[in-house]
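Here is the structure we will look at.
The values are calculated or read from the model by the stated rules, or taken from the named source; none is laboratory data. Note that the coordinates shown come from a computational prediction; the quantities given were computed from them, not determined experimentally. Backbone-built Cβ (ideal geometry, glycine too); neighbour counts: all protein chains shown.
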Ligand SMILES: Nc1nc2c(ncn2[C@@H]2O[C@H](COP(=O)(O)OP(=O)(O)OP(=O)(O)O)[C@@H](O)[C@H]2O)c(=O)[nH]1
Ligand SMILES: [Mg+2]
């Protein structure tokens, strides 16, 4: 039999971690609220049944405001799953129970209450009377830990048990409010009963949501019931009643912790959000991240490079000659030039994973929020920007948590200016070839990319959106020591896209480039590739980019790494097969080299990012806008760099 | 006496009295536990003063002052100086941020831990005695000095 189970709960309580433990998936987890922004499905076979789990975005209440919360709420209220599992954090049961009551009101499906992170609760000496809670709530309660996988099997058993029980036995707990509220609820229920269209609705829930002032529900019912009186302050009374019950339950069934679990977190926060050193620490963390990416990876990259040189040497003696050239110049030269950067990219993701898992993300957002306020966005957007250092696609997706559509659009159109990991190969190649201190050039370009992003936010705000800054409400999770296994999964999950790209888009473009550079004449100088590059070269007259660079830039539109692989192929297919770095050194000087880095940083987001912009905004318009906008900015900025740079040197 | 949540300095404890936010935001804030009658603690101000981390139950959440200023509270562990009646002696517990403000207080010899005697408190001005010197402060300043009444 197939049983569908929805997993919901407050943000950051371990829903996805538990989902992964249940289904063996490897969905993204992180110690900050708002990691999951879309429905994710997974399966587990248990005692002859197929259990389908649906992991949902986190939500504090059912009064959904942002897209991710709406996804969660729709699944809870209207979804066609058979069972709803509400997950709560053992150390913040208060909020968990509050949501549980809302879910119990909203759905007629069987509900199971899961108390997760029980490992941490035990360490803190918290004792939870599971049976007591079960009896009071009249639903099954399971204690789990996604870390140790405790309780995971029990949860599966409970799902089967609940599913096989006849529905009459599933009398759930329904919260009774005080007299005044109950009367108001019944009054609305009676009104609803008069209207046919509400027949299939859960009237009590609609009534409660109406009293809570839920804008969507109000919109739904005011059409049929135009004059509704909502007593003042009843919203607060409803919440108070819920909390009253929550605290009674906690008093009866959950013991106080034997020590303050927040002691360590508070001590760490004292430093990381400090009045004076908080911001410098944040900058230092960023600096270290990129410094390490460059330094630790260097020897590893060298050995990868040596391996491909060796391989290309072997293939270059194959006959016929064109095949040798395709293999060694086109494929190995092109794809190999990218794989050299695998160590950098994996190390970068390892460190990003570390930041995510510790809980620093929320703090970073908190520390810089004031700057964001001046930009009329919030610390929330800032998290999207940090994610953008890894990859623009998840960064754009993460904007779903923003309640304000204006903030969301400004953020997602500016995210592409943040230097993603795919741009790293370009930077490292150029910086390594032309700057005495490549690490500083690298940090320079990252810093520049932050500035450009800021300017972009200002421009977009001016261009399209006038408005007031949106609110910024973010939970501070307790700090956690990252588990190495999770970090490795994180690193692999993100880094593997890079490998996949190497095998697909980069491979294909390397072959295409090779063909274009081999035909029609058999030598590069007169090839189609050269023709193409020379065609647009006049645009970069001031920049003084040679045609190899301009051709590479055209192909780099598909994915930024392709700039490097194309260039490598074009250089490799020259008669004398010169050294890549040497050629770069001869054709660029530090000034226009930096201009090239700036251009690559800003110009057209890759195909994947463009597709995400289109799907997240639901409109082709913004995608096209993004293309034109980024090219324009890239061109102007690189021009400025060249002109100013030359003036400074002269 | 109610004051706005964002006016409390770090380390303050207060009881929530009123939440005056727009409906949607209110529902969210209430769901996070900001319910009248509950205890709230000011944990940490950001480096540029805004936003602030508040603690409610076991939950820590950061709010901007644009939202926190719509939440009204009754201070518990200390009250702003302007609420002290004439004749009382109190101890300075906390001071709100503001470089100029702090410098000014330093010139008066006012700092955390100092004892103050309230000589007069009416018509929006407060006359106090610190270390035998007499000063007058306006209501605005007096609302940024948080004291504990000791006699
Ligand atoms: N010690 C411990 N940590 C856990 C447990 N479950 C989750 N975590 C950690 O809690 C953090 C949040 O986990 P997620 O699975 O991303 O939480 P989520 O509920 O899916 O979060 P959102 O998608 O943001 O709503 C991660 O850092 C996990 O490693 C647990 O049972 N024990
Ligand atoms: Mg999740």
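Do any helices (runs of 4 or more DSSP H) lying entirely in the range A:468-554 carry at least 3 residues that are in the same structural domain as residue A:429 (by TED's automatic domain parsing) and within 16 Å of ligand 2 (Cβ to nearest atom), and which ones are they?
Hits in the range A:468-554: A:484-503.
Scanning the range A:258-287 for residues that are more than 9 Å from chain B (Cβ to nearest Cβ) and either out of contact with any helix residue (DSSP H, G or I) (no Cβ under 8 Å at 6 or more places or on another chain) or outside any helix (DSSP H, G or I) (or both) yields A:258, A:259, A:260, A:263, A:264, A:267, A:268, A:280, A:283, A:284.
Counting only helices (runs of 4 or more DSSP H) that sit completely within the range B:23-116, those holding 2 or more residues that are within 30 Å of residue A:237 (Cα to Cα) and facing another protein chain (nearest Cβ under 10 Å) correspond to B:23-31, B:65-68. The listed residues are A:25, A:17, and the only one of them that is within 12 Å of ligand 2 (Cβ to nearest atom) and in contact (Cβ under 8 Å) with a residue 60 or more places away in the chain turns out to be A:17. Given the condition within 15 Å of ligand 2 (Cβ to nearest atom), in contact (Cβ under 8 Å) with a residue 60 or more places away in the chain and either farther than 22 Å from residue A:140 by Cα or over 19 Å from the mean Cα position of the chain (by Cα) (or both), answer yes or no: does some residue in the range A:39-48 qualify? The answer is no, given that none of the residues of the range A:39-48 is within 15 Å of ligand 2 (Cβ to nearest atom), in contact (Cβ under 8 Å) with a residue 60 or more places away in the chain and either farther than 22 Å from residue A:140 by Cα or over 19 Å from the mean Cα position of the chain (by Cα) (or both). Among the residues making up the range A:113-141, those that are within 24 Å of residue A:28 (Cβ to Cβ) and in contact with a helix residue (DSSP H, G or I) (Cβ under 8 Å, 6 or more places away or on another chain) are A:114, A:115, A:116, A:117, A:118, A:120.
Residues in the range B:69-95 that are surrounded by fewer than 22 Cβ atoms within 10 Å (Cβ to Cβ) and within 22 Å of residue A:472 (Cα to Cα): B:69, B:70, B:72.
Can you say whether residue A:9 is buried (at least 24 other Cβ atoms within 10 Å of the Cβ), within 14 Å of another protein chain (Cβ to nearest Cβ) and either more than 11 Å from ligand 2 (Cβ to nearest atom) or in contact (Cβ under 8 Å) with a residue 60 or more places away in the chain (or both), as far as the supplied structure shows? Here the answer is yes, as residue A:9 does meet what is asked.
Within the range A:247-257, restricting attention to residues that are within 10 Å of chain B (Cβ to nearest Cβ) and part of a helix (DSSP H, G or I), which residue is surrounded by the most Cβ atoms within 10 Å (Cβ to Cβ)?
A:250
On the basis of being away from chain B (no Cβ under 14 Å), touching a helix residue (DSSP H, G or I) at 6+ places or on another chain (Cβ under 8 Å), within 11 Å of ligand 1 (Cβ to nearest atom) and in a helix (DSSP H, G or I), does residue A:38 make the cut? Judged against the criteria, residue A:38 is not a match. Only a single item in (1) more than 14 Å from ligand 1 (Cβ to nearest atom); (2) in contact (Cβ under 8 Å) with a residue 12 or more places away in the chain; (3) within 26 Å of the chain's Cα centre (by Cα); (4) not in a strand (DSSP E or B) is not met by residue A:74, and it is number (2).
Taken together, the residues in the range A:141-168 that are in a loop (DSSP other than H, G, I, E, B) and closer than 15 Å to residue A:82 by Cα amount to 2.
Name the residues in the range A:456-472 that are touching a helix residue (DSSP H, G or I) at 6+ places or on another chain (Cβ under 8 Å) and either at pLDDT 90 or above or away from every other protein chain (no Cβ under 14 Å) (or both), would you? Can you show your working first?
Looking only at the range A:456-472, we keep the residues that are touching a helix residue (DSSP H, G or I) at 6+ places or on another chain (Cβ under 8 Å), and these are A:456-457, A:460-461, A:464-465, A:467, A:469-472.
Scanning the range A:456-472 gives A:456, A:457, A:460, A:461, A:464, A:465.
Tallying residues that are near ligand 1 (Cβ under 7 Å from one of its atoms) and part of a helix (DSSP H, G or I) within the range A:15-31 yields 4.
Condition check: surrounded by 24 or more Cβ atoms within 10 Å (Cβ to Cβ), assigned to a helix (DSSP H, G or I) and within 14 Å of ligand 1 (Cβ to nearest atom). Does residue A:91 satisfy that?
So residue A:91 does not fit the description; no.
Among the residues of the range A:43-54, is any within 13 Å of ligand 1 (Cβ to nearest atom), closer than 20 Å to residue A:148 by Cα and away from chain B (no Cβ under 14 Å)? Yes: the range A:43-54 contains one or more residues that are within 13 Å of ligand 1 (Cβ to nearest atom), closer than 20 Å to residue A:148 by Cα and away from chain B (no Cβ under 14 Å).
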